[in-house]
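Visitor: Input: one structure, supplied below.
The values are calculated or read from the model by the stated rules, or taken from the named source; none is laboratory data. The structure displayed is predicted, hence computed values, not measured ones. Cβ: placed from backbone, ideal geometry, glycine included. Neighbour counts: every protein chain shown. Ligands, DNA and RNA are stripped out before the accessible areas are found, and what is left, the full protein with its side chains, is counted by its heavy atoms. Shrake-Rupley method; radii C 1.70, N 1.55, O 1.52, S 1.80 Å.
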Number of protein chains: 2
Amino acid sequence: MLIVRRNMSCLASVLRFSDYGEPSKVVKLCSENIETPHNDKLLVKILQAPINPADINTIQGKYPVKPAFPAIGGNECVAEVLQVGPNVTKLLVGDLVVPFETGLGTWRSHAIYQEDELMKVPSGIPLPEAATITVNPCTAYRMLKDFVKLKPGDTVIQNGANSACGQNVIQLCKAWGINNVGIVRDRPELSELTKYLKSLGATEILTEEQCRSTRVFKERKLPAPKLALNCVGGKNGLEMSKHLAQKGIMVTYGGMSREPVIVPTSALIFKDHEFRGFWMTRWKESKGKCAESTEMFEDLFQLVMDGKLKAPKHELISYKNYEEALSNALNVGGFIGSKIILDFTN
Amino acid sequence: MLIVRRNMSCLASVLRFSDYGEPSKVVKLCSENIETPHNDKLLVKILQAPINPADINTIQGKYPVKPAFPAIGGNECVAEVLQVGPNVTKLLVGDLVVPFETGLGTWRSHAIYQEDELMKVPSGIPLPEAATITVNPCTAYRMLKDFVKLKPGDTVIQNGANSACGQNVIQLCKAWGINNVGIVRDRPELSELTKYLKSLGATEILTEEQCRSTRVFKERKLPAPKLALNCVGGKNGLEMSKHLAQKGIMVTYGGMSREPVIVPTSALIFKDHEFRGFWMTRWKESKGKCAESTEMFEDLFQLVMDGKLKAPKHELISYKNYEEALSNALNVGGFIGSKIILDFTN
């Protein structure tokens, strides 16, 4: 571990971009001088930081978040506090932390952050779980909490059930006693994928084709879903929404088909369905640190400690191999996508 | 006026159907014996009852409301109380009333209703305004009240601005100081239609084509709409929804294009737009008579008395010419659709 003494600066390795484009081309590994933390600031050593689809889209210029150049990639990490400013009140040297805010630029070996931008990680949380907790588990948590009052025995339906967020939805539903039906695209490894998702806690896994004519709600006596979570859109989202109960809500958080959400007029008028969206970045910006966010992180960390919430399948790759990591970020893994986590410890 | 003495029955003319099909073919004029009203029931003489699109769709079997056969058409009317049962407490013989409930079958000369199915009409309300107040003005009122908290100076956008409901939205917005931008299909009589809708209180009228590229929000310094009211769907609804402010809501209450509502994924995720539906029948069923419904009718009747809320253009046709009336119900009028109101007084 790097030792930093008070008033001594250190040199950080940062993955920086100064223009939009293909990440493996525009992102460069640079060195940046890091000063002593003043006031409520801290110096942290980043340990692990994942590459998420939104990070890639941001660098491509396709995301509504437009950083000031030069910008540092990444929005998630787990880091260790190396040095604290004089006005830091709660965090101590040696604490593990994750960023509460987005847009902090986490793809770097060291950073100066403000105390209120960080959440402390309790001991006993593995690094990959901590490094990937602030985007997908938080998104899954909020979508299951903020739109419909769900109780044990209720049903949630989701497409993209094998996505990183989908895997979190499955695990949270399982932990909370909520039936969850997942939709995935048909594929050669369907039975392997189904087995894996059921091992996480999925009640049923259906292909898009099966979703149209499924009798699973009748056969398994599942109540019609009060909530549908959509990261695909188009026909897939439409077929899923048809299973919603009266007054059901479909929450869209992605659009992998690149087709819009299609809503039958009758679903709105006669079934009273609602179609809404969720974006974790906006939730954090509008809420700030609050009782709800504290409760969320406490719940999520506890589930990790209880072995009920695991990080998605992932590969740890040294930040020095960032070009390869960025090229492959959205296309790794076997029957289920694997997330790349940049390792800044070696 | 028909005189009915206590314990004397009368013969009512009713427009009845016993099968789904084309209204002019399946609806028959019949006679029905009406007994003395008992308990909390009243005998009323129907004066005027409009033909609404939902009435036609119900008879065609295309509406989710499936009446028991034989069924009597119609859901709106204005009627006069002829005789009251012993437990009727508020309504008096001679009172004018409108039905609060739907599905009461209003296309008939006389009916027995329960007291709590009716609302009293204050004096000074013209019959056509009373006969058409429970569907369109109530729908417009609720859509403007129940989804977004609107204040004077806010903007509402709507398509089908020339529809019966659209005309009510315009008048309510005008009365409440809310800017309202209306979208209509291009047509030869566009300038005449625009002039008419502006005379009702429309801030701006745009064609579908103009809606796509309008600079009206900038030029007239109108705030972006917080609320969009959609009775068309398809591309028209999509283009309209693009003008919504951040966190704006589009409420669908019709689908005249017969195309679904199309929602860009980005509008849900990044603009936090909501897409919901409204159906007056459900509102009435779920609420029953309540403080909100009393307040609504008081407000609407007051606006009629103040000359701020007029019935849509209409033609009064004797119920005896019901075949002609039913054939033409959805296709009457010149540059703006005209509603047919069945006259049961001669």
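Visitor: Near the amide H of B:Ser318, under 5 Å away, which other amide H atoms are found, from residues 5 or more places off or on another chain, if H is placed in the peptide plane?
Guide: Amide H neighbours of B:Ser318, under 5 Å, 5+ apart: B:Asp343.
Visitor: Report, for B:Arg215, each distance to the same residue's label point in the other copies, shortest first and in nm; define the point 7 Å along Cα→Cβ.
Guide: Distances to the matching label points in the other copies: 6.2 nm.
Visitor: In addition: Nearest 100 Å² is fine: how much accessible area is buried between A and B, summed over both sides, with a 1.4 Å probe?
Guide: Interface between A and B: roughly 2100 Å².
Visitor: Still on this structure, please answer the following. 7 Å along Cα→Cβ for the label point: how many nanometres lie between B:Lys289 and each equivalent label in the other copies, listed shortest first?
Guide: Here B:Lys289 shows inter-copy label distances of 5.6 nm.
Visitor: In whole Å, what are the Cα extents of segment A:28-79 along the three principal axes, biggest one first?
Guide: Dimensions of segment A:28-79 along the principal axes of its Cα atoms: 35, 23, 22 Å.
Visitor: Hey, for A:Gly94 with labels 7 Å out along Cα-Cβ, what do the inter-copy distances come to in nm, ordered shortest first?
Guide: Here the equivalent label points are 9.2 nm apart from this one.
Visitor: Shifting gears a bit: Just to check I understand the Karplus step: with θ = phi - 60° and J = 6.51 cos²θ - 1.76 cosθ + 1.60, what whole-Hz values come out for segment A:242-253, glycine and proline as x?
Guide: In residue order, the calculated couplings are 5, 7, 4, 5, 3, 6, x, 10, 9, 9, 9, 10 Hz.
Visitor: Which of A:Gly124, A:Ala68, A:Pro137 sits farthest toward the positive end of the charge dipole of chain A, with +1 on the Cβ of Lys and Arg and -1 on the Cβ of Asp and Glu?
Guide: A:Pro137
Visitor: Ok, one more. Which of B:Gly233, B:Gly153, B:Gly201 moves the most in a Gaussian network model of chain B with Cα springs under 10 Å?
Guide: B:Gly153
Visitor: Only Cα pairs within less than 10 Å get springs; with that Gaussian network setup on chain A, which residue of A:Gly160, A:Gly105, A:Gly288 has the largest fluctuation?
Guide: Taking springs between Cα atoms under 10 Å, the residue moving most is A:Gly288.
Visitor: I would also like to ask the following. Between B:Lys90 and B:Arg258, what is the FRET efficiency for a Förster distance of 35 Å, r being their Cβ-Cβ separation, to the nearest 0.05? Could you put the intermediate results ahead of the total?
Guide: On the way: r = 44 Å, r/R0 = 1.25.
After rounding to 0.05, the efficiency reads 0.20.
Visitor: Still on this structure, please answer the following. Taking the simple approach of a point 7 Å from Cα along Cα-to-Cβ for both B:Glu32 and A:Glu22, what is their distance in nm?
Guide: With each label placed 7 Å out from Cα toward Cβ, I get 7.4 nm.
Visitor: Please compute the Cα-Cα pair-distance distribution of chain A with 20 Å bins starting at 0, giving whole percents from short to long.
Guide: 30, 55, 14, 0
Visitor: If ligands, DNA and RNA are left out, what is the accessible area of A:Asp299 with a 1.4 Å probe, given in Å² to the nearest 10?
Guide: A:Asp299 exposes around 50 Å² with every protein chain in place.
Visitor: Here is a further query. So how far, in whole Å, is the C-alpha centre of segment B:49-126 from the one of segment A:150-191?
Guide: Segment B:49-126 and segment A:150-191 have Cα centres separated by 48 Å.
Visitor: Would you pull out the residues with amide H under 5 Å of A:Val261's amide H, same chain only if 5 or more places away, H placed 1.01 Å from N?
Guide: Placed amide hydrogens put A:Gly234, B:Val263, B:Thr265 under 5 Å from A:Val261.
Visitor: Now, a different point. Just to be sure I understand the curve: with the Debye formula and one point per C-alpha of segment A:136-281, what is log10 I(q)/I(0) at q = 0.11, 0.16, 0.17 Å⁻¹?
Guide: Reported log10 I(q)/I(0), two decimals: -0.34, -0.77, -0.88.
Visitor: Sticking with this one: Give me a comma-separated list of calculated 3J(HN,Hα) values for segment B:288-299, in order, Karplus coefficients 6.51, -1.76, 1.60 applied at θ = phi - 60°, integers in Hz, x for any Gly or Pro.
Guide: x, 6, 8, 4, 5, 6, 4, 4, 4, 5, 4, 4
Visitor: Note every residue of segment B:222-260 with a reduction of at least 40 square angstrom in accessible area, all protein chains present versus the isolated chain, computed with a 1.4 Å probe, or write none.
Guide: B:Pro260
Visitor: Given H placed on each backbone N at 1.01 Å, which residues far from B:Asp154 in sequence or on other chains put an amide H within less than 5 Å of it?
Guide: Amide H to amide H, under 5 Å and 5 or more residues apart or across chains, B:Asp154 pairs with B:Asn179.
Visitor: Further question on the same structure: Rolling a 1.4 angstrom probe over the protein heavy atoms, how many square angstrom per residue are accessible across segment A:136-281?
Guide: Working: 5750 Å² over 146 residues.
Ligands and nucleic acids excluded, the figure is 39 Å² per residue.
Visitor: Which percent of the accessible area of the protein assembly as shown is formed by carbon and sulfur heavy atoms (probe 1.4 angstrom)? Walk me through the numbers before you get to the answer.
Guide: Details: 14570 of 29640 Å².
Looking at the protein assembly as shown in its full context, I get 49 percent from C and S.
Visitor: Once every DSSP H run of n ≥ 4 in chain B is given -39500 (n - 2.57) and the sum is divided by its residues, what mean residue ellipticity at 222 nm do you get, rounded to the nearest 500 deg cm²/dmol?
Guide: -8000 deg cm²/dmol
Visitor: Using all Cα-Cα distances in the protein assembly as shown, what percent lands in each 10 angstrom bin from 0 up to the longest?
Guide: Final binned percentages: 3, 13, 20, 19, 16, 13, 8, 5, 2, 1, 0.
Visitor: Taking θ = phi - 60°, what integer Hz values does the Karplus form 6.51 cos²θ - 1.76 cosθ + 1.60 yield along segment A:256-262, in sequence order, with x for Gly and Pro?
Guide: For segment A:256-262, the Karplus-derived couplings read 4, 6, 6, 10, x, 6, 10 Hz, x marking Gly and Pro.
Visitor: Could you rank A:Arg215, A:Arg276 by how accessible they are, 1.4 Å probe, largest area first?
Guide: On the way: A:Arg215 135, A:Arg276 60 Å².
Reading off the accessible areas and sorting them downward yields A:Arg215, A:Arg276.
Visitor: Please compute, for the alpha-carbon atoms of segment A:44-162, the extent along each of the three principal axes and give them in descending order in Å.
Guide: For segment A:44-162, the Cα spread along each principal axis is 49, 36, 23 Å.
Visitor: Determine the alpha carbon to alpha carbon distance for each of A:Lys149/B:Lys284; A:Lys149/B:Lys151; B:Lys62/B:Lys226; A:Lys235/B:Lys151; A:Lys62/A:Lys284 and list only those over 27 Å.
Guide: Distance filter (> 27 Å) returns A:Lys149/B:Lys151; B:Lys62/B:Lys226; A:Lys235/B:Lys151.
Visitor: Residues of segment B:271-287 losing 20 Å² or more of accessible area relative to the isolated chain, 1.4 Å probe, heavy atoms only?
Guide: So the qualifying set is B:Asp272, B:Glu274, B:Phe275, B:Arg276, B:Gly277, B:Trp279, B:Arg282.
Visitor: Looking down the axis that turns A into B, which residue of A has the closest beta carbon, and how many Å out?
Guide: Checking which Cβ lies nearest the axis yields A:Phe275, 2.
Visitor: Keeping all protein chains in place and using 1.4 angstrom, which order do A:Asp95, B:Asp146 fall into by accessible surface area, from largest down?
Guide: If we order A:Asp95, B:Asp146 from most to least accessible, we get B:Asp146, A:Asp95.
Visitor: OK, next. Excluding same-chain residues fewer than 8 positions from A:Lys287, which lysines have a Cα within less than 17 Å of its Cα?
Guide: A:Lys145, B:Lys247, B:Lys271
Visitor: Once ligands and nucleic acids are excluded and a 1.4 Å probe is used, how much of A:His110 is accessible, expressed in Å² to the nearest 10?
Guide: Its accessible surface works out to 10 Å², give or take rounding.
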